[in-house]
1. Under a no-solvent Debye model with one identical scatterer per Cα of the range 76-118, what's log10 I(q)/I(0) at q = 0.16, 0.18, 0.23, 0.29 Å⁻¹?
2. Can you give the Kirkwood hydrodynamic radius for the range 59-98, in Å, rounded to one decimal and based on Cα pairs?
3. Grab the Cα-Cα distance for Met102 and Phe74, subtract it from 0.36 nm times how many residues apart they are, and report the gain in nm with one decimal.
4. Arranged from highest to lowest average of other beta-carbon atoms within 10 Å per residue, in what order do the peptides 124-135, 50-61, 84-95 appear?
5. Could you state the per residue volume, in Å³, of the convex hull enclosing the Cα atoms of the range 1-139?
6. Return the distance in nm (one decimal) between the two label points of a simple spin-label model at Leu140 and Val113, each offset 7 Å from Cα along Cα→Cβ.
7. Sorting check: for 100-108, 11-19, which peptide has the highest mean count of neighbouring beta carbons within 10 Å, and how do the rest follow?
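FYI, it's all coordinate maths here, none of it is from the lab. Bear in mind that the values here come from a model prediction, so they are computed numbers and not experimental data. Here the Cβ positions follow ideal geometry from the backbone for every residue, glycine too, while neighbour counts run over all protein chains shown.
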Amino acid sequence: MKGKNRKKWVFGWEILLFAAYLALLSYFLFFADRLERAYAERTYHYNLTLFKEIRRFWVYRETLGLGPVLLNLFGNVAAFLPFGVFLPRLFPKCRSLLLTSMFAFEFSLGVEVMQLLFKVGCFDVDDVFLNTVGGVLGFLIYWMFGRAWRVRPPGGKDGSEESL
């Protein structure tokens, strides 16, 4: 494949991967009972104090165990890393740290509000913070790889055709 056809093919796969990522993220955020997101009594659960849950998970890390602590603290960050990579890659207007950060924040806030409204999981400002950090880190990964690809010599190391 050459030129425009190759770009269209790659873009198509990127769109498909982004859609699959969003579907998988939605499943884990709203439907995965294994993650104990559905409460039997179906009441409203929320945390509006920044760093309250992060602090709780850190203070009680030995009691809670490594799994839940890693899932809460690093899982929320890792869940939004792809968002921060895909967004600027697919939407050229989002190729700034500020815009990607804002969209990661807004998307995470929207998810948390839906969890509150549908009484699935807990609205947690700490999750919004950690998700936004994940989106920012994803953008930085995108930016670093973008810089590396742009500074590579045009023919690659061996002088052959340009590669992805």
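1. Log10 I(q)/I(0), no solvent term: -0.43, -0.53, -0.76, -1.00.
2. On the way: mean 1/r = 0.0834 Å⁻¹.
Evaluated on the range 59-98, it is 12.0 Å.
3. On the way: separation 28, 0.36 × 28 = 10.08 nm, distance 2.02 nm.
Computed gain between Met102 and Phe74 is 8.1 nm.
4. On the way: 124-135: 23.0, 50-61: 14.1, 84-95: 17.6.
Highest mean packing first, the order is 124-135, 84-95, 50-61.
5. Working: hull volume 17.0 nm³, N = 139.
Measuring per residue, one finds 122 Å³ for the Cα hull of the range 1-139.
6. So the label points at Leu140 and Val113 sit 2.8 nm apart.
7. Values: 100-108: 19.4, 11-19: 12.4.
Ranked from most to least packed, the peptides come out as 100-108, 11-19.
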